[in-house]
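To start, the structure itself, in structure tokens.
The values are calculated or read from the model by the stated rules, or taken from the named source; none is laboratory data. A quick note: this is a predicted structure, and the numbers were derived from the prediction, not measured. Counting neighbours? That spans all protein chains shown, and the Cβs are built from the backbone with ideal geometry, glycine included. In case anyone asks, the SASA skips ligands and DNA or RNA and just uses the protein heavy atoms, side chains included. Shrake-Rupley method; radii C 1.70, N 1.55, O 1.52, S 1.80 Å.
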Amino acid sequence: MKAIMVMFDTLNRRFLPPYGGPDWVHAPNFTRLAERTVTFDTCYAGSMPCMPARRELHTGRYNFLHRGWGPLEPFDDSCPELLGDHGVYTHLVTDHPYYWADGGATYHNRFRTFELLRGQEGDPWKGHVAEPEIPESIRTRRGEAWRQDWINRGYLTTEADQPQTLTFDAGLEFIRTNHGENHWFLQIETFDPHEPFFTQDHYKELYPHDYDGPRFDWPDYQTVRETPEQVEHVRYEYAALLSMCDRNLGRVLDAMDEHELWDDTMLIVCTDHGFLLGEHGWWGKNVQPWYDETIHTPLFIWDPRSRRTAQHRQSLVQTIDLGPTVLEFFGVDRTPDMMGSPLGPTVADDTPVREAALFGLFGGHVSVTDGRYVYMRAAATAMNRPLYEHTLMPTHMQARFSPKELRDAELLPPGTFAFTKEAPVLRTPGMALPNPNSFGSLLFDLQTDPAQEHPLEDDELELRMTRLLVDLLHTSDAPPSQFERLGLPITGPVTADHLLVRVQRQRIAAAATAPPPRAEDYPTGRLSVHTPIGELADDPKAEQIVRDHGLGILFDGPLLRMAPSASLFTLTISASGAVPRELLPAIAEELAAADG
């Protein structure tokens, strides 16, 4: 028995022909794939975004309730490692640059062998001291990753040079070398079609359109402020990169045909999440709630045991099911800590595996769906507290935890969480830059409102979905702090007193009618709400004022390293709502007094 997983990053379900994508999208190999596999219509991601999703692939359980982006923990199960322990040869080929960053450095090592291809996004690959030549662009966030990406692009002048191409080349080399052998698992994983949507001109030529504006293939994660023509252009840029992904998918299908792998080889084609391309008035992900465009994902599976083709399945499945599916295929038992279920029976006859699915981002909305209704639970208060990281691997996406972050850390005793296998775990205050309270709690009916444009106010339905949510929090061994943050009971029944949709919608509606904060309404000076947080952190008085208002995490967390030039005012007016608006006047007054 053999298995191949082809994993894309940011593969938008609604762009694919098997899911009714627009007829102008050129993706014939996804159509071909659906003809050879089972297509899952109700697949949802879980822990968001990139590396938390990959942690689910390894562990078969949610992780966003306990910590943010980070590596595999010492107590985590790893499906590839378990396969290796049972005599299955495992191999990973990937160009995903976050595997070799601080927050992902323990994943690829769980495979017996791996090949890493360089150059995607802002991957710190080629070293240039001189500044690169960068054309005019609409993008406003231009940090180190932006600079490095333009250096990298100088080495990716042909399709053959592209990391995606090299990744599939390496995967196909493994197949050519080992197709006659038995008991192997191959994961071909590309970062594409993740932004920036950079590819060669012959893919762009599949989407002719009138556009002569500045370069725009990498939108900021923010509300849409661009013209309709610019929005259309970005969608075509995304589609061009998707068509490149389609071509390489076709190469894998060709190899399956050439080497007659359909007889004994499982094929899984999946992604981690989607991407908003102007829907809901947004670009990207992470900041806003996890709308269907970002969390409802495509999934295709061929199982040579049941041999089902050209069929759709309606059962509610998730990323946490994929690792257990591969384990079961090779006859390896799941561990007790795994929450996912093998999908072999679901492929065969649509056997259900769950009543409800949980999804979310650390410190963001915690959402639940039963496949029809979606309930997005925001924090109960504007401060979005308490929030704690639970880890034995204190790293962020691209940095280690700072000593300040660890200053208030405490070691929780063994047995605090069942899944840590009697290991103690470090608990330290956490930070979520997106504040879910800015959006409030939301409730949708996907059957009558698939675009999620008309949120519901239905107390009876919200009560049912809240009870499903609380059940899943308990099943996930969620920390007590999450119940408190969400305003939910740890013990006892969920009642009407715990509902948030109506209350929060009224507050958000009132806030929407209020005039936005104006910069001129707040005093300027050396110490003010306009001063970069990096400079406030250097002044003991200013730092203490901010801490006294419960915002010390701005200095202790990764934000200070990621965006030291941001001010308290910009963090207030930004879509993330990182600094609650109601705190700004008092902080401004106290900083002005300290400056005097």
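General observations
- Cα Rg, Dmax, the range 368-494, angstrom units: 17.1, 50
- 1.4 Å probe accessible area per residue over the range 519-595, in Å²: 43 Å²
- Additional length obtainable on full extension of the chain from F75 to T309, 0.36 nm per residue less Cα span: 80.4 nm
- Nearest-10 value in Å² for the accessible area of K285, using the 1.4 Å probe: 10 Å²
- With a cut-off of 16 Å on the backbone N, the residues of the range 282-297 near the modelled label site 7 Å out from D449 along Cα-Cβ are 289-293.
- Alpha-carbon Debye profile of the range 163-206, log10 I(q)/I(0) at 0.24, 0.29, 0.33 Å⁻¹: -0.88, -1.06, -1.18
- Heavy-atom accessible area order for R485, R225, largest first, 1.4 Å probe: R225, R485
- Only the Cβ atoms of Lys and Arg (+1) and of Asp and Glu (-1) were treated as charged; on that basis the dipole of the range 519-595 about its Cα centre amounts to roughly 240 debye.
- Three-way shape label, the range 230-378, alpha-carbon gyration tensor, a/c 1.5: oblate
- Taking the charge dipole of the range 473-542 about its Cα centre, with +1 at Lys and Arg Cβ atoms and -1 at Asp and Glu Cβ atoms, the residue from Y522, Q482, T495 reaching farthest to the positive side is T495.
- For the range 34-163, the spread of Cα coordinates along the three principal axes comes to 50, 35, 34 Å, biggest extent given first.
- Across all directions, the average flat footprint of the convex hull enclosing the Cα atoms of the range 244-303 is 5.0 nm².
- Tail weight of P(r) past 35 Å, computed on alpha-carbon pairs of the range 2-350, percent: 18 percent
- Considering only A563, A586, V546, the residue lying farthest towards the positive end of the dipole of the range 519-595 is A563, judged by Cα position with unit charges set on Cβ.
- Extent of the chain along its three principal axes (Cα atoms, max minus min coordinate, largest first): 77, 60, 46 Å.
- Helix 501-513 and the longest principal axis of the Cα set of the chain meet at an angle near 60°.
- The range 203-232 and the range 539-596: distance between their alpha carbon centers, rounded to Å: 34 Å
- Size of charge dipole - the range 2-350 - debye, nearest 20, with Cβ of Lys, Arg +1 and Asp, Glu -1, no other charges: 500 debye
- The range 519-595: proportion of alpha-carbon pairs further apart than 21 angstrom, %: 12 percent
- One equal scatterer on each Cα of the range 20-89, no solvent, Debye formula: the resulting log10 I(q)/I(0) at q = 0.17, 0.29 Å⁻¹ is -0.83, -1.19.
- Computed across the range 442-521, the Kirkwood radius stands at 14.9 Å (inverse of mean 1/r, all Cα pairs).
- Charged-residue dipole, Cβ positions (Lys, Arg, Asp, Glu), the chain about Cα centre, Debye nearest 20: 860 debye
- Global size of the range 102-250: 17.4, 54 Å for Rg and Dmax (C-alpha atoms, Rg to one decimal, Dmax whole).
- Dividing the convex hull volume of the alpha carbon atoms of the range 188-229 by its residue count gives 108 Å³ per residue.
- Only protein atoms count toward the accessible area here, which uses a 1.4 Å probe; on the range 2-350, the carbon and sulfur part of that area reaches 46 percent.
- The stretch between T227 and D538, if pulled fully straight at 0.36 nm per residue, gains 107.9 nm over its current Cα-Cα span.
- The range 519-595, accessible surface, carbon-and-sulfur percent (1.4 angstrom probe): 55 percent
- Calculated mean residue ellipticity at 222 nm for the chain: -9000 deg cm²/dmol, from DSSP H runs with n ≥ 4 weighted as -39500 (n - 2.57), summed, divided by the residue count and rounded to 500.
- With Cα atoms defining each centre, the range 162-200 and the range 282-344 are spaced 20 Å apart in the structure.
- Beta bridges per DSSP with both ends in the chain, % antiparallel, nearest 5: 50 percent
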